[in-house]
Every structure is written in C-alpha cells, then in structure tokens.
C-alpha cells in the first residue's frame, strides 16, 4: 500500500465542524465592515518578490527569513506567496488607478504564508481579514477602524482583548528618533542579546519589540519616541485618542509598540490577549502614508489593519454548530427512489435543508442515519407513497404523529415557525 500523504507541516485542513465556525466568523465580520462602507477586493496570493521587499522592508524578519520565494522556471522572475495583503491591496489600487474616483475603503480575506516554526496560534498558512482606507488623512479614519474592531468583537462575542496604542510620527521624526536609539543601543551593546545586536543598525526600532525578558530594564530606559515627535504628528495622535475616549474605547499607550513592517508611520495599534499563550496579538494595524508612493503611485495617505482568523476563532465563545437540517429523506424501492429524488428538490424549492439518503441501506438503517443527522423530520417515501404522489412526514425531535400528505403540505409542516 502506498505511503499515506499528509498535509504540509504548518498548513492545516479546516474540517466541516470547524468550517461552520469559520462561516459564522466571516459573516459577522463582513456584516460589520459593510456597515462602515468597506467594499471587498480580491488579489492574487502570488506576487513579484520585489513588491514585498520594497514595501515590508528588506531587513525585516518577514523578508529575511519567512517568505516562500521561488524563481519562475518559465521567465526567471522571483515570485513570493504573499506573507501579508496590504502590499498586494495597494499594488492593485495603484495599478488600476482606483484613487482617481476618490478615497477607497476596501476589505479582503484569505490565506497568507510565512515560513515560521508552527505552534499554537502560528501557522505557515494562516488566514487574515483586513481593511484598507486609502486617500483618508485625518485621525477620524484611524479611530473609526479601531471602533470598528470593537464592534466586531461584540458581534462575535469575543472577550479578553485589550487595545494598545502608539504613534511612530512622521518619517522625519522617526529618523531623528532612530539616530538617538542607535546611539543608546551602541552605548549598551554588551547588554544586548544576539538578535538585538543584529538589528541594532539595520532595524533598531524592532529591538524595542524584543520579547527577551532580560532586556526589559534596558528597553524601559530607552529614549522616548515622543521626544522627537513633530507637532502635526502629536495633534494627529491626540485626535485619535480623543475620538476613542468619546466612543468609550479603553486603551493603553505602549511606547514600545512599533510593528514589524517598515511601511508604518504615525498611528499604530494592536489588539492583544493573554488567553492564547505566546501569540497574544489578534489584530494589528495603523497608518502607512508613504506606501502608495513607494509602490509607484501618487502620494496619498492610508490606514488599515489585519486580524488573524485562527487566533480570533480561539477566542470565540460559542462551540461549532452542526448543519441545521430540516429533513432527512428516506426511501425504499426503485419507484420510490425516483419520486423521492424529485420530492427532495421540491422541498428545497421551499427553502428547506434536505439530506437525501444515498446509502441504499435498509429502511431501519436509513432511519438511524436520519436520527444521527440532527434533522428535525424524516420524510419517508415507499412504493405506496410514490404511487399516490405523496410523502410521509415523521417528527424526530418531538412526540407527534406521522402524517402522509402532498409535498407542498409537507413543506408547510416542516418549515420552522416564523420562517418566511
């Protein structure tokens, strides 16, 4: 017997019982996003590698160590499975000149790919839902996206998440701060771990995000980014905070929050939890005003976020639900099969969910399957029913008599009360 083929490590199957929870999640999120005027966009999972090098940053962990990159054998192009979708979304907006029609509010969902060590809440193929507001410069959009997240948590009954907020200021302010931070790190080189020393000159802000507890005191005493912030950035950040307070959204300021992608500036935020072990960030984003120009478009402001579907599913309170089956159609005999097949279609025409038994088993075994399916009714067709053009309707979840009737009447009996 051939060896069993299994899924690639870190790339997991979503089985039917789990998939129903995914559907509930996606429907809930989509409803909220549309209520705020966001429209869907779909981009390829495969892009030119240059897109991510230019946008995410050549010396980031994602580009240096985590991307699935290969050379196309047909034309020699370097291609990459998308590790995130903001760059792809901005590329599509620039390529198709969508901003010509004015600001755009867009959302996407789908798989992303990073070559990381799989663990709880971290996979090599993972899924995100994200939004991008392009062409909007004010703090109101930043705040709106954060408030929108809070509404999603309420919609999905997700608890135990807290908001952390920071500002990276303008690119000029960030440059000034970067220089001061490098000098501070150089003065304390002996206290840094290997990873921090590696990042000290190439990407010093990422040192602030170190999870090494031995660096806690050192980073706590690092220069403050706020000391280099320009007046416009401070006004913008205060505007975001003011709107959040007006909306009743609790938050804490985290001066070490810098995000791992180079394109961020000004507002950055993360929704975090302590209920998922080491993978505590469930949603993150911020402003990236320079990215559109960086990818080749005309300069325009932008703000967005992405949420990790797998991580948020781990926080949802409800258990996965089974398919709500209205009727299980049991049949016995060749004539009965033909009539039952048509009857099942007619019942579906009435908006009912119907499972048609395809096992060919005995009447007794089919009734066992009907009961195990969770269906509220068994619809039975034997030769007698087929000859009369009728079905027998047997309640499975309540004590009531079995009735023989026409298919249209059966639909009335089965349809849940209050259903249209």
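Once C-alpha pairs closer than 8 Å and six or more residues apart are averaged by separation and normalised to the residue number of region 33-103, the relative contact order reads 33 percent.
For 153, 271, what's the fewest-to-most ordering of other Cβ within 10 Å of each Cβ?
Least crowded to most crowded, the residues run 153, 271.
Taking other C-beta atoms within 10 Å as the exposure proxy, 116, 95 rank 95, 116 from fewest upward. Cβ-Cβ distance of residue 186 and residue 95, R₀ of 51 Å, FRET efficiency by 1/(1 + (r/R0)^6): the value works out to about 0.75.
Can you classify region 6-48 as rounded, prolate or oblate using the Cα gyration tensor, where a ≥ b ≥ c are the square roots of its eigenvalues, rounded means a/c under 1.5, and otherwise it's prolate if a/b beats b/c and oblate if not? Oblate, since a/c reaches 1.5 and b/c is not below a/b.
For the chain, what is the relative contact order in percent, using Cα pairs closer than 8 Å and at least 6 residues apart in sequence?
On the way: 692 pairs, mean separation 66.9, N = 420.
This gives 16 percent for the chain.
For the chain, DSSP calls about 80 percent of its internal beta bridges antiparallel. Here the residues 146, 45, ranked from fewest to most Cβ neighbours within 10 Å of their Cβ, fall in the order 45, 146. Taking a ≥ b ≥ c as the square roots of the eigenvalues of the Cα gyration tensor, region 327-414 is classed as rounded, since a/c falls below 1.5.
Reported to the nearest whole Å, the Cα centre-to-centre distance from region 285-318 to region 361-388 is 51.
Shown is the FRET efficiency for residue 65 and residue 214, computed with R0 = 22 Å from the Cβ-Cβ distance and rounded to the nearest 0.05: 0.50. Cα gyration tensor of region 15-135, axes a ≥ b ≥ c as square roots of the eigenvalues: rounded (a/c below 1.5), prolate (a/b > b/c) or oblate? Oblate, because a/c is 1.5 or more while a/b does not exceed b/c.
DSSP finds beta bridges in region 327-414, and of those with both partners inside it, around 45 percent are antiparallel. Cα centroid separation, region 241-280 to region 128-195: 6 Å. Using 0.36 nm per residue and subtracting the Cα-Cα separation, the extra length available between residue 30 and residue 116 on full extension is 28.1 nm.
Model label sites at residue 45 and residue 23, defined 7 Å from Cα along the beta-carbon direction, differ in position by 2.1 nm. Of all DSSP-defined beta bridges confined to region 269-420, some 65% are antiparallel rather than parallel. Using Cα-Cα distances under 8 Å and only pairs 6 or more residues apart, what relative contact order does region 283-420 have, in percent? Relative CO of region 283-420 lands at 20 percent.
Laboratory data are not the source of any read-out in this text; all were calculated from the coordinates shown. Predicted, not measured: the structure shown is a model, and the values here were computed from it. Positions of Cβ are generated from backbone atoms using ideal geometry, with glycine treated the same way; all protein chains shown enter the neighbour counts.
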